[in-house]
1. For residue 98, only one of the following conditions fails: (1) surrounded by fewer than 18 Cβ atoms within 10 Å (Cβ to Cβ); (2) in contact with a helix residue (DSSP H, G or I) (Cβ under 7 Å, 6 or more places away or on another chain); (3) touching a residue at least 40 places away in the same chain (Cβ under 8 Å). What is its number?
2. If the Cβ limit is 7 Å and pairs must be 6+ apart or interchain, which residue in segment 4-21 that is at negative phi pairs with which residue that is outside any helix (DSSP H, G or I) and modelled with pLDDT of 95 or more?
3. Just to be sure I understand, how many residues within segment 33-66 are in contact with a helix residue (DSSP H, G or I) (Cβ under 9 Å, 6 or more places away or on another chain), farther than 24 Å from residue 21 by Cα and without any contact (Cβ under 8 Å) to a residue 60 or more places away in the chain?
4. Here are some residues: 58, 71. Which one is under 14 Å from the mean Cα position of the chain (by Cα), surrounded by 17 or more Cβ atoms within 10 Å (Cβ to Cβ) and farther than 20 Å from residue 159 by Cβ?
5. So is residue 134 crowded, with 18+ Cβ neighbours inside 10 Å, in a loop (DSSP other than H, G, I, E, B), without any contact (Cβ under 8 Å) to a residue 40 or more places away in the chain and more than 14 Å from the chain's Cα centre (by Cα) or not?
């Protein structure tokens with residue numbers, strides 16, 4: 001897989017150099033995106049999981065910078081240790097007592113949400129998973145009884161809606 005890591009250093013600006021330096025030093029980079037108008041939830045995503053471990057990048061919404069960073073580090077360490085979290089089924093231990101679910105992100109969502117990844121990988125030829133968290137009652141957005149006040153906290157980036165959810 002060809003990435004920006006293979007291109008000559010003199011082709012990058014300072015931000016790109018800094019980004020690549022973190023990927024080289026730590027294996028991955030945490031990008032945090034804020035909507036200054038407050039119309040969309042803030043989000044974070046990884047860059048480097050795919051190139052370094054063959055695991056999809058991860059995007060998550062509406063969690064603080066520190067919590068997001070910590071969760072992505074935990075994923076990095078788990079993947080590095082050979083534990084590959086499953087896609088499409090409930091996974092425990094990510095949010096304390098609450099389960100989480102990883103679902104594939106549709107390529108159509110890449111342009112709007114994964115700018116640094118698209119730059120790093122030279123397009124959309126990488127996979128990304130959305131980490132979905134439940135409401136306070138443990139219900140996911142596709143489950144009956146999900147608390148509607150959290151409905152706008154995690155946009156559905158899957159192909160065709162939340163239909164790929166676990167049973």
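The values are calculated or read from the model by the stated rules, or taken from the named source; none is laboratory data. What you see is a predicted model; the values in this text were computed from it and never measured. Every residue, glycine as well, gets a Cβ built from its backbone with ideal geometry; the counts of neighbours run over all protein chains shown.
1. Every condition holds for residue 98 apart from (2).
2. Hits for this filter: 19/29.
3. 1
4. Details: 58 fails: farther than 20 Å from residue 159 by Cβ.
Selected residue: 71, the only one of 58, 71 that is under 14 Å from the mean Cα position of the chain (by Cα), surrounded by 17 or more Cβ atoms within 10 Å (Cβ to Cβ) and farther than 20 Å from residue 159 by Cβ.
5. Values: crowded, with 18+ Cβ neighbours inside 10 Å: yes; in a loop (DSSP other than H, G, I, E, B): yes; without any contact (Cβ under 8 Å) to a residue 40 or more places away in the chain: yes; more than 14 Å from the chain's Cα centre (by Cα): yes.
Against the criterion (crowded, with 18+ Cβ neighbours inside 10 Å, in a loop (DSSP other than H, G, I, E, B), without any contact (Cβ under 8 Å) to a residue 40 or more places away in the chain and more than 14 Å from the chain's Cα centre (by Cα)), residue 134 qualifies.
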